[in-house]
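First comes the structure, then the notes that go with it.
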Amino acid sequence: MAPGTGGELLVGLVAKVHGLRGELAVDVRTDSPEERFAPGSVLVSRRTGRPDGTLTVESARPHSGRLLVRFVEVPDRTAAEEMRGARLLIGVESLAPAEDPEEFHAHQLEGLRAELADGEPLGTVREIVHGPGGDLLVVAREGRADLLVPFVREIVPTVDLDGGRVVLTPPEGLLDLDQN
């Protein structure tokens, strides 16, 4: 989710229609798909140029790296075709606090100041990218290219939510601060 989008988090993107019964192939953008796409879960659907809607999950099942999801409000293929490209969102207020103090929701990290252990500022955490090799912090720097920083304890030993910062201790060569 981009900062400032009204307290909502992106949990999925409708990629395409699957079959004739209105199933949608969804690219998952959450660490908890079994919770977010559980039958009965209600999501906000957002499509460019259209008013927001709500969708109630009827069923979901994994298929080729995506989820195939049926929504109560999408009864057939014709209705499903209208949903292509929809962003599926939940409200931040629906998130339970992380049980582990070492875990964070992406929205908690976005907007934090990124700095080195000696206090030298690097930029601001713009987003978290969930990749197959692990999570990356995208650190926006004024007038320079974004930094991609592996979000692991060895490199990001301190996340100070109250202080509004993350502290980085990158190994030599990871951050080439002289390049744009």
Some residue of segment 56-69 being open to solvent by less than 80 Å² (accessible area, probe 1.4 Å), among the basic types (Lys, Arg) and either within 30 Å of Asp135 (Cβ to Cβ) or part of a strand (DSSP E or B) (or both): yes
Residue that is modelled with the highest pLDDT [pool: residues in segment 38-55 that are under 17 Å from Lys16 (Cα atoms) and part of a loop (DSSP other than H, G, I, E, B)]: Arg47
Yes/no for Ala145 being open to solvent by less than 40 Å² (accessible area, probe 1.4 Å), on the phi < 0 side of the Ramachandran plot and of a type in the set (Gly, Ala, Ser): no
Leading residue by the ranking (nearest to Ala86 (Cα to Cα)) among those in segment 43-67 that are touching a helix residue (DSSP H, G or I) at 6+ places or on another chain (Cβ under 9 Å) and without any contact (Cβ under 8 Å) to a residue 24 or more places away in the chain: Val57
Residues that are at pLDDT below 95 and in contact with an Asp or Glu (Cβ under 6 Å, 6 or more places away or on another chain), drawn from segment 16-37: Gly22
Check on Val166, more than 10 Å from Ala114 (Cα to Cα), crowded, with 18+ Cβ neighbours inside 10 Å and not hydroxyl-bearing (Ser, Thr, Tyr): no
Residues of segment 70-80 satisfying the condition of being part of a loop (DSSP other than H, G, I, E, B) and surrounded by fewer than 17 Cβ atoms within 10 Å (Cβ to Cβ): Val72, Glu73, Pro75, Asp76
Pick from segment 101-128, criterion at pLDDT below 80 and either within 21 Å of Val11 (Cα to Cα) or in contact with a strand residue (DSSP E or B) (Cβ under 8 Å, 6 or more places away or on another chain) (or both), ranking: least open to solvent (accessible area, probe 1.4 Å): Ala106
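The values are calculated or read from the model by the stated rules, or taken from the named source; none is laboratory data. Quick caveat, the model's predicted, so the values are computed rather than measured. Quick reminder, even Gly has a Cβ in these numbers, built from the backbone with ideal geometry, and neighbours come from all protein chains shown. Note: accessible area is taken over every heavy atom of the protein model, side chains too, but ligands, DNA and RNA are not part of it. Shrake-Rupley method; radii C 1.70, N 1.55, O 1.52, S 1.80 Å.
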